[in-house]
Amino acid sequence: MTQDTTPTDGTRRGRRARARAPQRVARMVGAGLLALPLGTLGSIGDVTLASATPVPAITAQPAPSQPTDAEAQAAFWEADYTLSDAEQLATLWQLDSVGDAKTRAGQKILQGLPLPSPADLAADEARAFYNAGYSYWDSVVLAWLWDSPSPQAAKVAAGAKLLDRVPVPPSDDLTADVYAEAQAAFLAAGYTPEDGIYLAELWNLDSPGDAKAAVGAKLLEGIPVPPPDDLDADPYLEGVRAFLDAGYTYADAQELAGLWDMDNPVDTKARAGQKLLDGLPLPIDA
Amino acid sequence: MSRDQRSIPGAGAEARPPQGVPGPFSRIGFELELLAPRGSSRAQLAHELSERCGGTVRPVFHADSEPSLVPGMGQFLHLTRGLEVRRDDGRVLCTLVDDITIVGDLDQRAAPRPGWYRVLSDDRRLLRLVAAHADPAAPLETVLDPVAALFGVQVQARGAVRRVNDGAGATIALAAPQPGERERPCEVVTPPLERDHLGALEELLAPARELGFVVPREAAVHLHLDGAPFRSVHAFANVVRLFARWRDPLRRVLGTNPACVRLRPLPGDLLRLAEDADSGGRGWDELRRAAGGLGLTKFFDVNLTSLLAEAPTRDTLEVRILPGMIWGPAVAGRAALVDGLLRRCQDPGPLPSPPGDLDAACAQLERMARAGG
């Protein structure tokens, strides 16, 4: 199971995060909330959050010309940032590569620009995480489950899910076990475990368990969701299923999306699956 | 990964150190209090665990006490059914036993389930005699037969209850069905774990999660660390300083469960005694004897009784303020923090006093743990 903190498709989460981050950076820079040394993060979550106070940004003389990537990365290390900091910045800036994050951060340092503090950027998500009853130790568990770069990154990812009303695996503190309850509601409504697998793919969730819990949570709240029978009959989903049943993966869908110039890998899966159902070949092998 | 494995998060996940949180270094035995789902029992987890490791399950007696309804008698002593799980090579994987502090999530009026009973007595020595002669695998109807034979009497039956009275009519022990879902509490007791604590914990906890076990309301996790390194004036004094002076930040960082009833702060007299001894006033033997007179029991934030005993049955220091948990990384992460702090306690330098601000104290505690580990 891998944690997808940098959605590259057109999912709601990815769009929302991309749309919001720059605004928030601008807002904070405008408000004078400058950078915090990133190395102080990732410790005992709420304790550190509670005691964190903004400190002046690390600044340097503006570089006379555009620095090379190597120069930028050197500046990043010289400013005492860590690999973990770079990973957090990559998450926050929605970059695929940690190296790109180091370069961008180093460029900002060389230009005398403040670096955003992940603690501030992720404040909404962190608040949602703690408000739901989770603790720092739960972020340790989630980081382990999702293979996140750090508990901090897992906390932000979990908070984003909670803000999107997607249930997160239960915490030790949440003995009522909302997650399991939602999963039970999913199965009780007549969905099958296979539906969970397809829905997880469809929605690009981390696991079928998350999909089951997401549908179940809606059912428990009385929010309408497609009944299981409709799920079977949905030609769009049928295409997605055919695609996955043929052994293709999310990465294949991304490759096809590139070939076909499509924005959304899920649409790509549906189109590719429909071709398979029609007996037509695909340009790539499973 | 199969669907069954993926249906529950973390099930079947390869054990690895949690990112950013190193596991503990020391040898640690864990006690983790869990609760079986309604209709299930700790026996189900025992069988699941034994199947997974190709091992065996053996019923054992677990001795504890329960409040007595008989006027003038504070508590009954009892034996209940525990399950010992061994690996195929005979090593103990874990023991699963009842924990009488777990009550809030149980239906106290539930009828007894077949096969679950307890053996009661009012005398520890008699109960040990019963435990030595009775077969923990025997059903209620015959469990007291060997005890009756020992006293040369017959087992008396009244309804479902079996009683053994000696020749003078004094009750030795009685066996009675166990109502109130007492088969659901499941304290997982591990042997001392030397390495890969997370992997070993997940071997026990992942199956529990899959079977629907949860963390009960009053749950705690207890850590047993080897006692020997703390049997010196400076180390003992530092442990007392840690759990007395740093009590609030420690409980906050660890997230101590406020519903745990068998916890108390260390007595102020013990702190004064330890400080005095560490500043050169007393040697270890003198400190040990003086501390022994302060009425310490195991029911404090930290159980120091073994350190003060002449010949302890289990030579450990027991930390009791971790909350209930069912996820390995949370357990291993907290254990690492405690381990780091206790390693710091072994340094000759006295543990400093915490800053007045709670946030600052928590942050300093974490730094000390990292330095110590």
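Only the coordinates and a few stated rules stand behind these numbers; no lab work does. Just so it is clear, the model here is predicted, and its values are computed rather than measured. Cβ atoms come from the backbone with ideal geometry, glycine included; neighbour counts cover every protein chain shown.
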(request) Compute the length gained on full extension between B:Ala138 and B:Ser279: take 0.36 nm times their separation in residues and subtract their Cα-Cα distance, giving the result in nm to one decimal. (result) 45.1 nm
(request) Calculate the mean, over all residues of peptide B:320-330, of how many other protein chain Cβ atoms lie within 10 angstrom of the residue's Cβ. (result) 5
(message) Inside 10 Å of the C-beta atoms of B:243-253, what's the mean count of C-beta atoms belonging to other chains?
(response) 1
(request) Classify chain B as rounded, prolate or oblate from the Cα gyration tensor: take a ≥ b ≥ c as the square roots of its eigenvalues, call it rounded if a/c is under 1.5, otherwise prolate when a/b beats b/c and oblate if not. (result) oblate
(request) Note down, for the stretch B:49-183, the three equivalent ellipsoid semi-axes (square root of 5 times each alpha carbon gyration tensor eigenvalue), biggest first, whole angstrom. (result) 26, 19, 13
(request) Work out the FRET efficiency for B:Gln156 and B:Arg91 from their Cβ-Cβ distance, taking R0 = 30 Å, and round it to the nearest 0.05. (result) 0.15
(message) Using 0.36 nm times the number of residues separating B:Asp196 and B:Ala149, minus their current alpha carbon distance, what extension gain do you get?
(response) 12.2 nm
(message) Distance cut-off 32 Å, Cα to Cα: go down the list A:Lys102/A:Lys218; A:Lys102/A:Lys275; A:Lys155/A:Lys275; A:Lys155/A:Lys269; A:Lys108/A:Lys218 and report the pairs above it.
(response) A:Lys102/A:Lys218; A:Lys102/A:Lys275; A:Lys155/A:Lys275; A:Lys108/A:Lys218
(message) Per 0.36 nm of contour for each residue apart, how much would the distance between B:Val103 and B:Ala311 grow if the chain were fully extended, relative to their Cα-Cα spacing?
(response) 71.5 nm
(request) Within a 10 angstrom radius of each residue's Cβ in B:254-267, how many Cβ atoms of other chains show up on average? Whole number is fine. (result) 1
(message) Suppose each label sits 7 Å from its Cα in the direction of the beta carbon; what would the A:Ala70-B:Glu66 distance come out to in nanometres?
(response) 7.5
(message) Can you give the FRET efficiency to the nearest 0.05 for A:Asp164 and A:Asp285, using r as the Cβ-Cβ distance and R₀ = 30 Å?
(response) 0.30
(request) Loop sites only, by DSSP: take the GluC sites (Glu not before Pro) in chain B that have at most 15 other C-beta atoms within 10 Å and name the longest stretch containing none of them. (result) B:15-193
